[in-house]
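Notes to accompany the following structure.
No lab work stands behind these numbers, since they all come straight from the coordinates. Computed from a predicted model, the values in this text were never measured in an experiment. Note that we place each Cβ from the backbone using ideal geometry, even for glycine, and neighbour counts take in every protein chain shown.
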Amino acid sequence: MSFIPVNEPLLNGNEKKYLCECIDSGWISSEGPFVKEFEQKMSASVGRKHGIAVSNGTAALEVAVQALGIGEGDEVIMPTFTIISCAMAVTKLGAVPVLVDSDLYTWNMKVDEIEAKITDKTKAIMIVHLYGLPVEIDAVLALAKKYHLKVIEDAAEMHGQTYKEKPCGSFGDISTFSFYPNKHITTGEGGMVVTDDEELSERCRMLRNLCFRKDVRYIHDEISDNYRFTNLQAAVGLAQLERLDEFVERKRAMGRYYTERLQDIDGLILPVEKTDYADNIYWVYGMVLDRKIQTDNKAVQKLLAEEGIGSRTFFWCMHEQPVYQKEGLFSGEKYPDAEYLARKGFYIPSGLALTKEQMDKVISTLKRVMAQIN
Ligand SMILES: *Cc1c(COP(=O)(O)O)cnc(C)c1O
């Protein structure tokens with residue numbers, strides 16, 4: 001029985017050609033010419049002036065948060081339901097994530113819970129767009145303005161998405177992307193920080209590369225890490241970026257195909273196709289078990305795996321992470337809807353290389369599995 005993996009990227013454009021150029025020219029490190037070209041094209045694609053390519057999306061968040069000067073004791077508001085990269089970028093600097101719940105249908109942070117969490121220690125709000133629909137950004141920007149807060153936009157899953165027709169990755173002070181293989185465009189591993197602020201971009205460049213001082217090499221006034229991005233990664237990224245519109249179209253078509261065929265299954269809450277600010281781009285095709293289903297996402301995943309279908313659960317909440325509980329962070333905090341999503345949400349194969357035949361097999365298997373569970 002052939003297993004259908006949860007994700008497989010599509011690498012049949014100019015990837016091989018550009019990679020061969022790296023090998024033939026000898027430019028394989030972060031000094032190669034594709035890096036700058038990729039930074040320029042990627043940042044321009046979201047209307048930002050500067051792009052700083054880094055080793056992955058987590059590094060992009062760390063660089064962005066540190067560049068904004070966030071440190072010891074500062075508070076950053078973010079959803080509890082997200083990947084740990086968001087919280088880690090803050091806790092690594094001795095700052096504190098302050099959490100809000102998420103919406104059961106859009107799976108994004110509840111922006112109406114943010115204002116009550118603002119204190120005199122709050123320095124920034126981290127917007128995290130999840131699974132295919134953007135956060136209600138206008139509400140966040142209005143709060144940031146009112147309370148003089150910085151805005152970090154984690155657009156890791158939002159390549160090619162817009163909010164009210166403006167590109168995701170163009171909002172707030174600084175935005176970040178990931179190019180992990182399950183994102184709309186990939187470089188294997190990789191990430192980017194984008195901003196319009198010249199000074200911030202200079203700080204990001206320094207933080208990406210061990211904080212070498214500009215005037216004298218090997219002298220350091222600050223500590224960071226090596227988050228450099230190679231010419232090989234940029235070669236793949238340029239080829240991927242050429243096809244972004246096509247990829248977004250393909251993902252939307254896949255999303256519609258799944259929804260049409262899954263909507264009659266009892267017990268599943270499917271992704272919202274559109275809101276008044278965006279059409280879903282289905283970073284991955286996720287779904288949530290509804291209240292009458294007794295089992296959790298893991299039980300469904302196990303049955304799918306037995307029938308050769310890969311799947312993955314949704315994120316696990318930050319306030320329920322053992323590592324933070326051990327430190328006494330978030331003690332006693334409850335976010336009921338986020339907790340529900342983490343226990344009942346999962347996603348099915350939805351990578352760009354997925355064929356129609358594979359999708360049909362996923363659909364028929366999921367129908368069988370859900371009938372068994374119902
Ligand atoms: C993938 C992802 C990241 C992390 O990116 P990596 O490249 O895997 O480090 C950060 N935030 C979100 C929302 C993501 O989906």
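At a glance:
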| quantity | calculated |
| --- | --- |
| Likely footprinting exposure, GLU15, GLU199, fewest C-beta neighbours within 10 Å first | GLU199, GLU15 |
| Mean Cβ count within 10 Å, highest first, over the residues of peptides 64-74, 231-241 | 231-241, 64-74 |
| Reference-scaled alpha-carbon Rg (2.2 N^0.38 Å with N residues) for the range 1-124 | 1.42 |
| All Cα pairs of the range 90-162, percent lying beyond 17 Å | 45 percent |
| Cut-off 13 Å between beta-carbons: net charge of the residues surrounding LEU304, Lys and Arg +1, Asp and Glu -1 | +4 |
| Rounded to the nearest 20 debye, dipole of the range 107-196 from Cβ charges on Lys, Arg, Asp, Glu | 160 debye |
| Counted charge near LEU149, where neighbours are those whose Cβ lies closer than 14 Å (Asp, Glu -1; Lys, Arg +1) | 0 |
| Inter-centroid distance (Cα atoms) of the range 189-258 relative to the range 1-58, Å | 9 Å |
| Cα-based equivalent ellipsoid of the chain: semi-axis lengths in Å, sorted from largest, via gyration tensor | 33, 27, 18 |
| Which listed pairs, of LYS121/LYS292; LYS92/LYS251; LYS36/LYS164, have C-alpha distances above 32 Å, in listed order | LYS121/LYS292; LYS92/LYS251 |
| Pairs from LYS17/LYS356; LYS146/LYS274; LYS344/LYS367; LYS298/LYS367; LYS41/LYS166 whose Cα-Cα separation, in the structure shown, is over 22 Å | LYS17/LYS356; LYS146/LYS274 |
| Net charge of neighbours whose Cβ lies under 14 Å from the Cβ of ILE125, counting Lys and Arg as +1 and Asp and Glu as -1 | -3 |
| Whole-Hz ³J(HN,Hα) from phi, Karplus 6.51 cos²θ - 1.76 cosθ + 1.60, for the range 71-81, glycine and proline x | x, 2, x, 5, 10, 10, 7, 7, x, 6, 8 |
| Fully extended contour minus Cα-Cα distance, from CYS211 to ILE223, at 0.36 nm per residue | 3.7 nm |
| Base-10 log of normalised Debye intensity for the range 251-374 (one unit scatterer per alpha-carbon) at q = 0.14 Å⁻¹ | -0.66 |
